[in-house]
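Heads up: the structure comes next, in structure tokens.
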Amino acid sequence: MSTRALIVEDEQSIQVLLQEILERAEYEVRVSANGRDGLREFFTYRPEVVLLDIGMPQMDGWTLLERIREVSQTPVLFITALATESNKVRGLNAGADDYIVKPFGGREVIARIEAVLRRATKPEAQDTLYQDPALTVDREQHRVFLHGREMELTPTEFKLVSVLTRNAGNVLTQDRLLDLVWGLDGGGSESVRLYISYLRKKLADEGEPDLIQTVRGVGYRYSPPQPASRAM
């Protein structure tokens, strides 16, 4: 069966171009010209991937992404002319899976869509719950608890802690974290360092400063605490 894709874009020439690119790659495509119609189409069509512009009438892309993330983790790629780093960071922090800047090539669009779909459907994504003596990560509900208290995390922080705990005890390089958390060209090594520091601060505030370890020259490792031994 064809993959269902929803394009939400108000510029007709871009609508037509994206639709042609996706249909040539054998995607089933629907198009909406503004954010409000796109939200309705999202609920009725149930797409498997969404391509989303930012500057649109009636409801902009930021708001539409927020509405989608309230109910679904369907992969969303921003396709926009807003090329500044601050907009890319804002989009990825808001829960977008990738960020493509106009103008774009057809092969690039398909490659990026296929990359986010692979990350969304790989078998390890079915592992919905992680628990150790300190941390509980509920990937299905997008909630994290430290010693029973829910943590307040941004979407990017949640993705990062989810990836780290899924690979608990193993070292992940910066490049691997960039691929798993930010996607193609979604950030740089500075993004990894920055968000590792955010997570460490939140963990340290609750008395767990050493759960995320730096392996110098290699990357980062989530090191779960050992269960307290019973007194003999």
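Under 7 Å between Cβ atoms, at least 6 apart or on separate chains: pull out the pairs that start in the range 111-128 with a residue that is within 15 Å of Ile79 (Cα to Cα) and end on any residue that is modelled with pLDDT of 75 or more and acidic (Asp, Glu).
Final answer for the pair search is Arg112/Asp98; Val116/Asp97; Val116/Asp98.
Every residue in the range 38-55 that is out of contact with any strand residue (DSSP E or B) (no Cβ under 7 Å at 6 or more places or on another chain) and surrounded by 17 or more Cβ atoms within 10 Å (Cβ to Cβ), please.
Result: Leu39, single match.
Given the residues Ile21, Ile79, which is the only one that is in a helix (DSSP H, G or I) and either in contact with a strand residue (DSSP E or B) (Cβ under 9 Å, 6 or more places away or on another chain) or surrounded by 15 or more Cβ atoms within 10 Å (Cβ to Cβ) (or both)?
On inspection, the qualifying residue turns out to be Ile21.
Can you tell me which residue is nearest to Leu92 (Cα to Cα) among those in the range 59-73 that are part of a loop (DSSP other than H, G, I, E, B) and modelled with pLDDT of 90 or more?
By that ranking, first place goes to Asp60.
With the checklist (1) at pLDDT 90 or above; (2) within 18 Å of the chain's Cα centre (by Cα); (3) not in a helix (DSSP H, G or I) in hand, flag the one item Ile110 doesn't pass.
For Ile110, the failing item is (3).
I need a count of the residues in the range 113-134 that are closer than 28 Å to Leu51 by Cα, among the acidic types (Asp, Glu) and modelled with pLDDT of 90 or more.
Total meeting the criteria: 1.
I'm checking my understanding of the structure. Among residues of the range 82-101 that are within 12 Å of the chain's Cα centre (by Cα) and in a strand (DSSP E or B), which one is farthest from Ile14 (Cα to Cα)?
Applying the filter and picking the extreme gives Asp98.
This table checks each residue for (1) of a type outside the set (D, E, K, R); (2) buried (at least 17 other Cβ atoms within 10 Å of the Cβ).
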residue: Glu85; (1), (2): no, no
residue: Lys88; (1), (2): no, yes
residue: Tyr99; (1), (2): yes, yes
residue: Val116; (1), (2): yes, yes
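So for the range 22-39 (the condition being of a type in the set (Phe, Trp, Tyr) and under 30 Å from Tyr198 (Cβ atoms)), does at least one residue qualify?
no
The values are calculated or read from the model by the stated rules, or taken from the named source; none is laboratory data. Please read these numbers as outputs of a predicted model, since none were measured by experiment. Every residue, glycine among them, receives a Cβ derived from its backbone with ideal geometry; neighbour counts consider all protein chains shown.
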